[in-house]
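Before any comments, here is the structure.
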Amino acid sequence: MKFLDQAKVYLKSGDGGPGAIAFRREKFIEYGGPDGGNGGRGGDVVIEVVNGLNTLIDYRYKQHFKAQRGNHGMGANRNGARGEDVVLRVPVGTQILDEDQETVLLDLTEPGQRVVILKGGDGGFGNAHYKTPTNRAPRKSHPGWPGEERWVWLRLKLIADTGLLGLPNAGKSTFLAATTAARPKIADYPFTTLAPNLGVVRAGDEEFVIADIPGLIEGAHEGHGLGDRFLGHVERTRVLLHLIDGTAEDVVQSYTTIRNELVAYGGNLADKLEIIGLNKADALLDEEVAEKKAALEAASGAEVMVLSGATGQGVQAVLYRLLTLIKQSKEEEPDVIQAPVTRSIPRAPVGRKMDDEYAGWNEETGEYDDLPEEADDDSDSDGDDWDDEGDDDGDDTEHSGNGDDNAKG
């Protein structure tokens with residue numbers, strides 16, 4: 001299944017049903033009168049948190065959700081039936097943002113949560129409601145009140161205790177595979193990981209959840225590489241494990257690159273507890289390990305732990321250190337950490353290029369506008385790549401119903 005962590009959807013609750021104008025007419029009944037019933041209430045738009053979901057892919061192909069309108073009233077004082085609700089099922093950790101992507105409407109962190117985000121309109125009154133001692137036969141009814149409507153953004157921010165950070169090929173996925181039952185793709189080229197992975201780590205008799213996100217490069221906050229959009233999945237974490245490739249020539253530069261990206265991204269990531277791990281120690285000589293560890297400690301001012309995800313060297317010590325910090329954090333803040341609002345930097349669609357001004361990206365609509373032909377560096381045939389496997393990053397969120405042209409940059 002493809003991974004999608006952001007989607008823009010249109011929501012509308014049901015309108016209230018109209019009231020009826022009717023009069024009682026029965027044989028052998030001397031006196032009739034108004035008996036028009038009221039209209040039914042419109043359906044609500046409900047957000048339900050479902051345990052087991054880990055993607056918003058259902059909202060890529062359908063973006064419009066409308067609840068049913070209330071039924072109209074009828075004679076014999078029969079009220080209309082209530083309209084059916086429309087239910088959007090989302091994963092744990094989903095935020096509902098306003099159209100401006102700056103206002104959090106809901107932050108759903110508990111399985112089973114069920115929240116009415118838009119209420120249906122009330123049904124209109126039938127003419128029986130307007131009967132008075134001085135107006136015995138009113139010919140008046142109400143058409144019903146309209147429902148609510150709005151565009152909202154769904155943004156998934158996974159809930160985990162620990163987040164893995166590092167440059168591409170720092171060994172994050174190898175560490176996740178070595179410590180959990182997760183089986184992320186592992187290869188010897190950069191950007192092997194294209195979507196976040198979750199795994200449950202067991203340290204002694206206790207467990208915690210660890211999240212692995214795609215690697216960052218310098219300029220990720222400006223959209224370079226895979227960008228920084230996946231950092232949203234470690235905003236709820238309590239501890240960050242910053243893995244550094246020990247075989248890199250300049251490990252200090254590797255460390256400062258990621259730290260600078262965390263500061264530029266915001267979201268309080270730079271202030272989280274951090275453990276620094278010098279990875280791939282099995283590929284280094286003892287004197288190289290000592291030299292690079294000392295350099296990192298001098299640059300960061302913190303303890304550096306030496307490990308190797310491939311061989312297991314030092315891994316258990318890192319896990320127990322993570323568990324200790326997680327326990328301390330939970331004592332200070334037992335509830336789920338609330339993630340701040342962070343606006344995503346757009347990425348170009350697969351097969352397309354993007355200049356420094358993010359050509360074609362419309363900040364108001366949150367999608368790509370059509371560009372003149374001279375601004376399109378690729379042939380039209382590349383547009384088919386938009387639906388290929390490479391668009392798992394989730395930036396193809398809203399296609400205005402037809403799902404293709406508006407998303408191209």
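The values are calculated or read from the model by the stated rules, or taken from the named source; none is laboratory data. All values reported here derive from a predicted model rather than from experimental measurement. Every residue, glycine as well, gets a Cβ built from its backbone with ideal geometry; the counts of neighbours run over all protein chains shown.
The residues of region 260-284 that are within 30 Å of the chain's Cα centre (by Cα), surrounded by fewer than 17 Cβ atoms within 10 Å (Cβ to Cβ) and either polar (S, T, N, Q) or in a helix (DSSP H, G or I) (or both), listed by number, are Asn260, Val263, Ala264, Asn268, Ala270, Asp271. In region 23-35, the condition of being in contact (Cβ under 8 Å) with a residue 24 or more places away in the chain, small (Gly, Ala, Ser) and part of a loop (DSSP other than H, G, I, E, B) is met by no residue.
Across region 133-141, not a single residue is classified as buried (at least 18 other Cβ atoms within 10 Å of the Cβ), out of contact with any Asp or Glu (no Cβ under 8 Å at 6 or more places or on another chain) and in the same structural domain as Ile244 (by TED's automatic domain parsing). The one condition from (1) over 13 Å from Leu154 (Cβ atoms); (2) modelled with pLDDT under 95; (3) not hydroxyl-bearing (Ser, Thr, Tyr) that Arg41 does not meet is (2).
Here the condition is being among the small types (Gly, Ala, Ser), surrounded by 20 or more Cβ atoms within 10 Å (Cβ to Cβ) and in the same structural domain as His129 (by TED's automatic domain parsing); of Gly52, Gly75, Gly32, Gly19, it holds for Gly19 alone. Of all residues in region 264-272, at least one satisfies being touching a residue at least 12 places away in the same chain (Cβ under 8 Å) and farther than 21 Å from Thr162 by Cβ.
Only one entry of Ala160, Ala178, Ala182 meets the criterion of being modelled with pLDDT under 85 and not β-branched (Val, Ile, Thr), and that entry is Ala182.
Quick grid of which residues meet (1) over 23 Å from Thr94 (Cα atoms); (2) of a type in the set (Lys, Arg):
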| position | (1), (2) |
| --- | --- |
| Asn197 | no, no |
| Arg202 | yes, yes |
| Ile213 | no, no |
| Arg229 | no, yes |
| Arg236 | no, yes |
| Ala248 | yes, no |
| Lys272 | no, yes |
| Glu297 | yes, no |
| Val306 | yes, no |
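Of the residues making up region 237-258, those that are touching a residue at least 12 places away in the same chain (Cβ under 8 Å) and in a helix (DSSP H, G or I) are Val251, Val252, Ser254, Tyr255, Thr256, Thr257, Ile258. Of the residues making up region 303-332, those that are part of a loop (DSSP other than H, G, I, E, B), of a type in the set (Gly, Ala, Ser) and surrounded by 14 or more Cβ atoms within 10 Å (Cβ to Cβ) are Ser308, Gly309, Ala310, Gly314.
Restricting attention to region 158-189, which residues are assigned to a loop (DSSP other than H, G, I, E, B), of a type in the set (A, V, I, L, M) and in contact (Cβ under 8 Å) with a residue 40 or more places away in the chain? Correct list: Leu158, Ile159, Ala160, Leu167, Ala170.
Check whether at least one residue in region 76-91 is in contact with a strand residue (DSSP E or B) (Cβ under 9 Å, 6 or more places away or on another chain), assigned to a loop (DSSP other than H, G, I, E, B) and either aromatic (Phe, Trp, Tyr) or closer than 30 Å to Ser329 by Cα (or both), and report yes or no. Checking region 76-91: at least one residue is in contact with a strand residue (DSSP E or B) (Cβ under 9 Å, 6 or more places away or on another chain), assigned to a loop (DSSP other than H, G, I, E, B) and either aromatic (Phe, Trp, Tyr) or closer than 30 Å to Ser329 by Cα (or both). One residue stands out in region 79-118 among those that are within 30 Å of Pro138 (Cα to Cα) and surrounded by 17 or more Cβ atoms within 10 Å (Cβ to Cβ): the one that is farthest from the chain's Cα centre (by Cα), namely Asn79. Based on this model, can you work out whether Gly121 counts as modelled with pLDDT of 95 or more and farther than 30 Å from Ile258 by Cβ? Yes; evaluated as a whole, the condition is true for this residue. Against the criterion of being farther than 30 Å from Asp35 by Cα, buried (at least 21 other Cβ atoms within 10 Å of the Cβ) and among the aromatic types (Phe, Trp, Tyr), Phe191 does not qualify. Does Glu218 satisfy the condition of being free of Cβ contacts under 8 Å to residues at least 40 places away in the same chain and either of a type in the set (Asp, Glu) or under 21 Å from Leu158 (Cβ atoms) (or both)? Judged against the criteria, Glu218 is not a match. Looking at the structure I just gave you, is Gly43 surrounded by fewer than 18 Cβ atoms within 10 Å (Cβ to Cβ) and more than 28 Å from Ala195 (Cβ to Cβ)? It is false that Gly43 is surrounded by fewer than 18 Cβ atoms within 10 Å (Cβ to Cβ) and more than 28 Å from Ala195 (Cβ to Cβ).
Residue-wise test of (1) touching a strand residue (DSSP E or B) at 6+ places or on another chain (Cβ under 8 Å); (2) at pLDDT 90 or above; (3) not assigned by TED's automatic domain parsing to the domain that holds Ala220.
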site	(1), (2), (3)
Thr237	yes, no, no
Gln253	no, yes, no
Gly267	no, no, no
Ala290	no, yes, no
Ala302	yes, no, no
Gly314	yes, yes, no
